[in-house]
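The values are calculated or read from the model by the stated rules, or taken from the named source; none is laboratory data. These figures come from a predicted structure and were not determined experimentally. Note: ideal-geometry Cβ built from the backbone for every residue, glycine included; neighbour counts use all protein chains shown.
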Amino acid sequence: MPGVAGAESLLGEVEEAEAALREAADRALDGEASFEAVIAADQKIEPRDAMPDAYRAGLIRQIAQHAHSEIIGMQPEGNWISRAPSLRRKAILLAKVQDEAGHGLYLYAAAETLGVSRAELDTALLTGKQKYSSIFNYPTLSWADVGAIGWLVDGAAIVNQVPLCRCSYGPYARAMIRVCKEESFHQRQGYQSLYVLAQGTPEQRAMAQDAVDRWWYPSLAMFGPPDADSTHSAQSMAWRVKRFSNDELRQRFVDMCVPQAEILGVTLPDPDLKWNEERGHYDYTSPDFEELMRVVKGDGPCNRQRLAHRNRAHEDGAWVREAAAAYAAKNSRKVVA
Amino acid sequence: MSEVATEVELLGLGDDALIAAQRLAEWVSRAPTLEEDVALANIALDQLGAARMLLAAVGDEDELAYRRDDHQFRNCLLAELPLGPGRGDLDFGWTMSWLLMLSAAQLLRYTDLAGGSDEQAAAIGAKAVKESTYHLDHARQWMLRLGGGTEESQRRVQQGLDGLWPYGHELTEGIRDRWLAIVEPVLAEAGLKRPDDRWRPGGGRDGRHTEHLSYLLAEMQSLHRAHPGAQW
């Protein structure tokens, strides 16, 4: 079975970022260096360093949104655990969804280093005050969606996240290195699962194509609005949180997917997709950004369902969390006595 | 269990683990905390892993999991019960009572398997013993917290224990005393009452199940059965 063409080079970039991080730690500037000097020297800002309020707030927003996406992202794929068509696929999917919970946990921990509490972050998700990736507001309608999400959604996430391994905030950069390694493993599993379907019975092939048809444009929209309309981008680039523009990353993703789709034997649903010799890139049709904005604002197919599910789990678990807290309090008193 | 595990015994243990994994996976994205979501998924994965090894020792794992009807399954009734008072319910107090009962029994069965003379079965048992030890500890910790937490948590966990306890008889056939020696001290420490032993439902090992199993299988097998002969 083929590997995911192009994925090796992304993983190579993660390894390089990890090496750069270790190297940067070895040549740390003296403790008094200003925020600007640290950024200019491409060093890492650490939790106890001084930083502009807007840098702190922007990172909290971004890391929290990323963590929330991992948590909400458990739902669309979790939807197929009970019906996975072989025990091997069931184990792979269960492990993947568990990894997402784990990613959420260490991203929340990274956000907490910026002075925000877990409870505040939970509330911000449950009340819709903070967003999560809009991609998870689309439904998983067939088993092939699990493969398509692995290939396209995890693929887009990796393209987005690999540059974050070099982000200027140390705890986020370190979390992203770990997340990217696991995501790339997930992407390979998704791709291979889709490959089996695309080589399978006529029904399985149709299922695979239908999933690709539904997930292609929402995946392109994951890179955010076009550069001209992107509100947070310029400052974020200057602070070296973000290193490439939305459109640059989107193009990189399209260029990766085209040869992968050929190997899979599925058709990307874009009649205008073609190689542009002059640009050295594929030309492609942009996703519907008005649809993206509708989904971001809460009117996608599953927004209400996803948030209601999370709220219900939170409410149903309240008595358990209270019990754990009461038990811990009683026992600490016993120890003191 | 005798010195050499029979196929029927391996199948029974494999079915227990498979059906338990299917039940536990219902908790994914619904647990009281994110940490507990990870822990429950982890236990479900261990159960699934053990099930796959045990079923593969008897036949083809997917044939056994997806092509048998409910009356051909040999799991004990406890494994298939909903993890709450009724169909579709998920209650954490019931779930931890269930896990305590199940993992204590699995620990004993796997220990016996590991000590037997069948090499393949012994290897499966040895790996599963370590996992069951962790599952049992996880359940025990929660029984203490829920039993010693709030009035509500004590009421709910006792309710779960009362609902599930009768099914412990079939679960522990042949290992009852050893099982009680593990479970009773946990109940005592958690301040929970040991329910009475009057009603003793059984029949799972002979393929006579509760109403719940066929729903569980209908969901689990639906996709596989819709595509006969397909590879996944």
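A few comments on the model shown:
- Residues that are of a type in the set (Gly, Ala, Ser) and without any contact (Cβ under 8 Å) to a residue 24 or more places away in the chain within the stretch A:78-101 comprise A:GLY78, A:SER82, A:SER86, A:ALA91, A:ALA95, listed in sequence order.
- Any hit, the stretch B:15-27, residues being buried (at least 23 other Cβ atoms within 10 Å of the Cβ), closer than 21 Å to A:SER86 by Cα, at the interface with another protein chain (Cβ under 9 Å from one of its Cβ atoms) and without any contact (Cβ under 8 Å) to a residue 24 or more places away in the chain: yes
- Residues that are more than 8 Å from chain A (Cβ to nearest Cβ) and of a type in the set (A, V, I, L, M) were ranked within the stretch B:28-49; the one that is nearest to A:ARG118 (Cα to Cα) is B:ALA39.
- Yes/no for A:SER117 being among the hydroxyl-bearing types (Ser, Thr, Tyr), on the phi < 0 side of the Ramachandran plot and without any contact (Cβ under 8 Å) to a residue 60 or more places away in the chain: yes
- The set of residues in the stretch A:224-237 that are touching a Ser or Thr at 6+ places or on another chain (Cβ under 9 Å) and in a loop (DSSP other than H, G, I, E, B) comprises A:GLY224, A:PRO225, A:PRO226, A:SER230.
- Flag if B:GLY148 is closer than 14 Å to B:ALA190 by Cβ and among the small types (Gly, Ala, Ser): yes
- Taken together, A:ALA67, A:ALA109, A:ALA54, A:ALA119 contain a single residue that is away from chain B (no Cβ under 14 Å) and more than 30 Å from B:SER222 (Cα to Cα), which is A:ALA54.
- Matching residues, the stretch A:144-188, being of a type in the set (Ser, Thr, Tyr) and under 12 Å from the mean Cα position of the chain (by Cα): A:SER184
- Considered as a group, the residues in the stretch B:50-59 that are without any contact (Cβ under 8 Å) to a residue 40 or more places away in the chain and in a helix (DSSP H, G or I) include one that is farthest from the other protein chains (Cβ to nearest Cβ), and that residue is B:ALA56.
- Each residue in the stretch A:79-100 was checked for being part of a helix (DSSP H, G or I) and of a type in the set (Ser, Thr, Tyr), and 0 pass.
- Qualifying residue in the stretch B:60-67 (condition: without any contact (Cβ under 8 Å) to a residue 40 or more places away in the chain, within 23 Å of B:GLU119 (Cα to Cα) and not aromatic (Phe, Trp, Tyr)): yes
- Among (1) modelled with pLDDT under 95; (2) aliphatic (A, V, I, L, M); (3) within 21 Å of A:ARG279 (Cα to Cα) - the single one A:LEU249 does not satisfy: (1)
- Looking across the stretch A:206-230, the residues that are within 14 Å of another protein chain (Cβ to nearest Cβ) and in contact with a Leu (Cβ under 7 Å, 6 or more places away or on another chain) come down to A:MET207, A:ALA208.
- Selection within the stretch A:34-78 - in a loop (DSSP other than H, G, I, E, B) and surrounded by fewer than 16 Cβ atoms within 10 Å (Cβ to Cβ): A:SER34, A:ALA41, A:ASP42, A:GLU46, A:PRO47, A:ARG48, A:ASP49, A:ALA50, A:PRO52
- Considering A:ARG321, A:ARG250, the condition of being more than 13 Å from chain B (Cβ to nearest Cβ) and of a type in the set (D, E, K, R) is satisfied by A:ARG250 alone.
- Selection count, the stretch B:61-117, where residues are touching a Phe, Trp or Tyr at 6+ places or on another chain (Cβ under 6 Å), under 25 Å from A:SER86 (Cα atoms) and either among the hydroxyl-bearing types (Ser, Thr, Tyr) or assigned to a loop (DSSP other than H, G, I, E, B) (or both): 1
- Residues in the stretch B:16-35 that are more than 16 Å from B:TRP98 (Cα to Cα) and part of a helix (DSSP H, G or I): B:LEU34, B:GLU35.
- Among the residues of the stretch A:212-264, the ones that are polar (S, T, N, Q), in contact (Cβ under 8 Å) with a residue 24 or more places away in the chain and either touching a Cys at 6+ places or on another chain (Cβ under 9 Å) or under 28 Å from A:PRO139 (Cα atoms) (or both) come to 3 in all.
- Of residues in the stretch A:295-318 being within 11 Å of chain B (Cβ to nearest Cβ) and free of Cβ contacts under 8 Å to residues at least 40 places away in the same chain, the one nearest to the chain's Cα centre (by Cα): A:ALA313
- The residues of the stretch A:162-214 that are within 19 Å of A:ASP42 (Cβ to Cβ), outside any helix (DSSP H, G or I) and not hydrophobic (A, V, I, L, M, F, W, C), listed by number, are A:SER168, A:TYR169.
- Taking the criterion of being crowded, with 17+ Cβ neighbours inside 10 Å and either in contact (Cβ under 8 Å) with a residue 60 or more places away in the chain or of a type in the set (Val, Ile, Thr) (or both), the residues of the stretch B:133-157 that qualify are B:HIS135, B:HIS138, B:THR150, B:SER153, B:ARG156, B:VAL157.
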